[in-house]
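Report on the structure given below.
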Amino acid sequence: MKRISTLSILFSSLLLLTQCGAPENMDAPEELVRRVTVDTEILQPENFRSYLKQVGTVTSDFDAVLSAEVQGRLIRFNAKKGDRVEEGQVIAKIDDAALSQEVRRMEAMVRQSKLQYDRQKELNDQGIGSQSDLDNAELTYEQQAASLASLKVSLENTEVKAPFSGTLEQTFVDPGELLSPGTPVARVVSTTELYVTVGIPSRYVGILAEGDPVKLQFNQRDDLQVEGTIQFVGSTIDPQSRSFEVEVGFPNPNEIIKIDMVADVEVVLDDMPNSIVVGEEYVFSKQGNMVAYIVASDEQGNPISREVVIDHGPVYKSETVILSGLNPGDQFITNGSSYLQDGTRLQIRTTSSESNASTPESALSEALNETL
């Protein structure tokens, strides 16, 4: 009975200490002093980059829909869809019979008016005839010559030509159809010189500049990732989207990337080498300051928390750059830091193979075993 009574008294005493905790300024057993279990890391300089991610569209300045410029029946296409065409190559031919005949008629009229003008000028030089007759003959000749030139332009426009080298991407009409001026005939594109257009929120005005590097990924495919360069930054803000346009040029030597493909755009906002970078969740606002915690030692050499006032910079993906307050080599407290004050005693977590540290619960168990 005496042994059971002693065991009950010891159990009650240890349980009371476990629940209430002993004040740190008392001479309590070391294993019963309140500690906070934490994880730590040794701070080392690293490169910090933050990105702005937007979605853009592949565009080309060499993408043209060719339309008929004269009225006439389409005779034929000289290339089929998908063919490579060169600049100036005739893609389609419109019937030119009526225009050719009109050109021959006008050429005859021009020759006649030229003879009349030359004859009137010769008479005028001899003092025969009036200046008015000479002026009229000259104007008739010039008007008919201008009409002939216009007809020749129309005759030339019966040939629909490629404005640049590229691919015949699409045809809109079939041979035999009667075309009017403005009727779409074909589309020619070139994918050798492409760029991505992307809208950037107006709050980033002044941050981006021509020549800045950009990462591009197309259609979420890992094999379609390229490095691009900003080649144009817009100077106006769209009133609807509150964004400005940026164009990103990129290499496309094998012409794998196509017009109108969707691109995930990563624009570098901050590039800060040799920076101290920590998790944003381990930085706290306290009495108007931003603070973090590192490991220090008390007078007895026990690990305690040291509250440090810090100044932080940009944040990206829950990581922030520390501009001041932390240094390389500091033992920075991560998990468990939200429970700390300046000077809190610490239990630094170790791996299970290394951890033999006592807790109030283990102290109670050991005491019971010794008593029993």
Going through segment 153-179 one residue at a time, which ones are part of a loop (DSSP other than H, G, I, E, B) and within 16 Å of R76 (Cα to Cα)? N157, T158, A162, F172, V173, D174, P175, G176, E177
Which listed residue, of I207, I230, I256, I276, is among the hydrophobic types (A, V, I, L, M, F, W, C), outside any loop (DSSP other than H, G, I, E, B) and either modelled with pLDDT under 90 or under 30 Å from D39 (Cβ atoms) (or both): I276
Of the residues in segment 287-335 that are among the aliphatic types (A, V, I, L, M) and under 28 Å from I207 (Cβ atoms), the one that is surrounded by the most Cβ atoms within 10 Å (Cβ to Cβ) is A292
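Yes or no, residue by residue, for (1) surrounded by 13 or more Cβ atoms within 10 Å (Cβ to Cβ); (2) under 30 Å from D222 (Cβ atoms):
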site	(1), (2)
E255	no, yes
K258	yes, yes
M272	yes, yes
S285	no, no
Consider D133 carefully, then state whether it is surrounded by fewer than 16 Cβ atoms within 10 Å (Cβ to Cβ) and without any contact (Cβ under 8 Å) to a residue 40 or more places away in the chain. yes
Considering segment 230-249 alone, what residues qualify as being of a type in the set (S, T, N, Q) and under 20 Å from D264 (Cβ atoms)? Q231, S241, S243
Would you confirm whether any residue within segment 87-109 is closer than 17 Å to R187 by Cα, touching a Ser or Thr at 6+ places or on another chain (Cβ under 6 Å), surrounded by fewer than 18 Cβ atoms within 10 Å (Cβ to Cβ) and modelled with pLDDT of 95 or more? yes
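The values are calculated or read from the model by the stated rules, or taken from the named source; none is laboratory data. As the structure is a prediction and not an experimental result, all values here were calculated from the model. When we count neighbours, we look across all protein chains shown, and the Cβ atoms used for this are built from the backbone with ideal geometry, even at glycine.
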